[in-house]
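Below: the structure, in structure tokens.
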Amino acid sequence: MRLHTLKPAKGSVRKNKRIGRGQGSGRGGTSTKGHNGAQSRSGYSKQLGFEGGQMPLQRRVPKFGFTSPNRIEVKPVNLDRLQILLDNHKTKTINPDFLIEKGVIKKKDIVKILGEGELKTKVDITAHAFSKTAVEAIEKLGGKVTTIVI
């Protein structure tokens, strides 16, 4: 086998449609674009969300709700997720840098430890926020909770 002898499998490559090359080609005349209208003309590109003149979805559906520009979004991390990390990495302390390194959170995320799941290992945890149940579960095992000021 030589590189210059390689060819695609038989029937896998089709010739391009040559439209607008005379009546004899079978694709002359209107060149598969129908008769009149915007879509038959050169340079046509429809507006994003255009529905043929029907009222578009983004205008049919009403606006509602409010998002505060001052909100602080937190990334929740549950105790069961922390237990998995403790089992896999044999560490005694967990902080945001450790969570970033393991891919649990991103660099600018604000972390809140939540109490879902069960913690079986004593651990010292540093985070931006904690739920009451998480604090109780950590301190019950003799661990330490440290809150980072945002």
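Values quoted throughout were computed directly from the atomic coordinates according to the rules given, and no laboratory measurement underlies them. In this text, all values refer to a predicted model and were calculated from it rather than measured experimentally. Note that we place each Cβ from the backbone using ideal geometry, even for glycine, and neighbour counts take in every protein chain shown.
What is the sum of charges, Lys and Arg at +1 and Asp and Glu at -1, for the other residues whose Cβ falls under 11 Å from the Cβ of Thr126?
On the way: positive: Lys144; negative: Asp97, Asp124.
After counting each charged neighbour, the total is -1.
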Quiz item: Over the stretch 74-147, how many percent of alpha carbon pairs lie in each 10 Å bin up to the one with the longest distance?
Solution: 21, 62, 17, 0
Quiz item: Once both axes come from the Cα atoms, what is the angle between helix 79-89 and the longest principal axis of the chain, in degrees from 0 to 90, rounded to 10?
Solution: 90 degrees
Quiz prompt | Members of Lys106/Lys144; Lys92/Lys112; Lys63/Lys107; Lys90/Lys112 lying beyond 30 Å, as alpha-carbon distances in this model show | solution = Lys63/Lys107
Quiz item: Which Cα, out of Ile72, Gly20, Leu3, lies furthest along the positive dipole direction of the chain (beta carbon charges, K/R +1, D/E -1)?
Solution: Gly20
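Taking 22 Å as R0, compute the FRET efficiency from the Cβ-Cβ separation of Tyr44 and Arg18 and round it to 0.05. Working shown, then result.
Values: r = 20 Å, r/R0 = 0.92.
So the FRET efficiency works out to roughly 0.60.
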Exercise. Run the quick spin-label model on Asp80 and Lys63: label points 7 Å from Cα toward the beta carbon, then report their separation in nm to one decimal.
Key: 4.1 nm
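When DSSP assigns beta bridges and you keep just the ones with both residues in the stretch 45-150, what percent turn out antiparallel, to the nearest 5? Write down the numbers at each step before the final one.
Details: 1 of 14 bridges.
Among the beta bridges of the stretch 45-150, antiparallel pairing accounts for roughly 5 percent.
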Exercise. Run the dipole for the stretch 74-147 about the Cα centre, Lys and Arg Cβ at +1, Asp and Glu Cβ at -1, nothing else charged, and hand back the magnitude in debye, nearest 20.
Key: 180 debye
Quiz prompt | DSSP loop GluC sites (Glu not before Pro) with at most 15 other Cβ within 10 Å: longest gap in the chain | solution = 1-72
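If you average the sequence gap of Cα pairs under 8 Å that are 6 or more apart and divide by the length of the chain, what percent do you get for the contact order? Kindly include the intermediate steps, with their values, before the conclusion.
Working: 155 pairs, mean separation 22.1, N = 150.
With pairs under 8 Å counted, the relative contact order is 15 percent.
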Quiz item: Long-range amide H contacts for Ile110: which residues qualify at under 5 Å (H placed 1.01 Å from N, peptide plane, sequence gap of 5 or more or a different chain)?
Solution: Lys75
Quiz prompt | Top positive-direction residue, dipole computed over the stretch 35-150 with Cβ charges, set Thr91, Gly37, Val111 | solution = Gly37
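Using the Cα centre as the reference, give the magnitude of the dipole from point charges on the C-beta atoms of the chain (Lys, Arg: +1; Asp, Glu: -1; all else neutral), rounded to the nearest 20 debye. Intermediate results must be reported in sequence, preceding the final value.
Working: 30 positive and 12 negative charges, 356 e Å.
The calculated dipole for the chain is roughly 1700 debye.
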Quiz prompt | 23 Å tail of the calculated P(r), the chain, as % of Cα pairs | solution = 65 percent
Quiz prompt | Amide hydrogen neighbours beyond the local backbone of Ile105, cut-off 5 Å, H modeled | solution = Ile100
Quiz item: Once the Cβ-Cβ distance between Glu136 and Lys102 is put in as r, and R0 is 35 Å, what FRET efficiency do you end up with, to the nearest 0.05?
Solution: 0.90
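Please report, largest first and rounded to whole Å, the three semi-axes of the ellipsoid equivalent to the stretch 6-83, where each semi-axis is the square root of five times an eigenvalue of the C-alpha gyration tensor. If you can, show how the numbers build up before the last one.
On the way: eigenvalues 512, 174, 18 Å².
Equivalent-ellipsoid dimensions as semi-axes: 51, 29, 9 Å.
So if each residue of separation counts as 0.36 nm, and I subtract the Cα-Cα distance between Ile150 and Thr121, what length gain in nm does that give? Numbers along the way, then the final one.
Details: separation 29, 0.36 × 29 = 10.44 nm, distance 2.72 nm.
Value of the extension gain: 7.7 nm.
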